1. Given the conditions (1) surrounded by 13 or more Cβ atoms within 10 Å (Cβ to Cβ); (2) touching a residue at least 24 places away in the same chain (Cβ under 8 Å), report the number of the one that residue 19 does not fulfil.
2. For region 15-44, give me the residue count where each residue is within 26 Å of residue 68 (Cβ to Cβ) and of a type outside the set (Asp, Glu).
3. For the condition surrounded by 12 or more Cβ atoms within 10 Å (Cβ to Cβ), in a helix (DSSP H, G or I) and modelled with pLDDT of 80 or more, what is the one hit in 84, 78?
4. Can you name the condition, by its number, that residue 37 falls short on among (1) without any contact (Cβ under 8 Å) to a residue 12 or more places away in the chain; (2) surrounded by 13 or more Cβ atoms within 10 Å (Cβ to Cβ); (3) more than 14 Å from the chain's Cα centre (by Cα)?
5. So for region 52-62 (the condition being modelled with pLDDT of 90 or more and in a loop (DSSP other than H, G, I, E, B)), does at least one residue qualify?
6. On the given criteria, is residue 67 among the small types (Gly, Ala, Ser), under 20 Å from residue 93 (Cα atoms) and at pLDDT below 90?
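The values are calculated or read from the model by the stated rules, or taken from the named source; none is laboratory data. Keep in mind it's a predicted model, so treat the numbers as computed, not measured. Methodologically, a virtual Cβ is constructed for each residue, glycine included, from the backbone with ideal geometry; neighbour enumeration extends over all protein chains shown.
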Amino acid sequence: AHRGPKALVRYEELRDDTLGTMERLYSALGIEVGREGLVRAVEKHAWENIPENEKGQGKFYRKATPGSWREDLTPDQVEIVEQVSAPLLKDLYPG
């Protein structure tokens, strides 16, 4: 396992408060970044600012919808993801 600093970020947090989440992430990881640069990066990569021809099925930017995996994955795929991620989730969310 990686011994350096770690931070847990949920996609929902990134969608709800991208700048605040990124500031918290950089701080938790001990990465110094100027606020102006971070603001520019967040604005540049905001879903609303990505050209439509770069979004959609089969593209790098597929969706920006938390939980859309429920619509996209087959039951077999969900089972595989659950099996692979179960040990990590137990560590992150004990009890």
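1. All conditions pass for residue 19, except number (2).
2. Total meeting the criteria: 11.
3. 78
4. In the conditions (1) without any contact (Cβ under 8 Å) to a residue 12 or more places away in the chain; (2) surrounded by 13 or more Cβ atoms within 10 Å (Cβ to Cβ); (3) more than 14 Å from the chain's Cα centre (by Cα), residue 37 misses (2) alone.
5. no
6. In short, yes.
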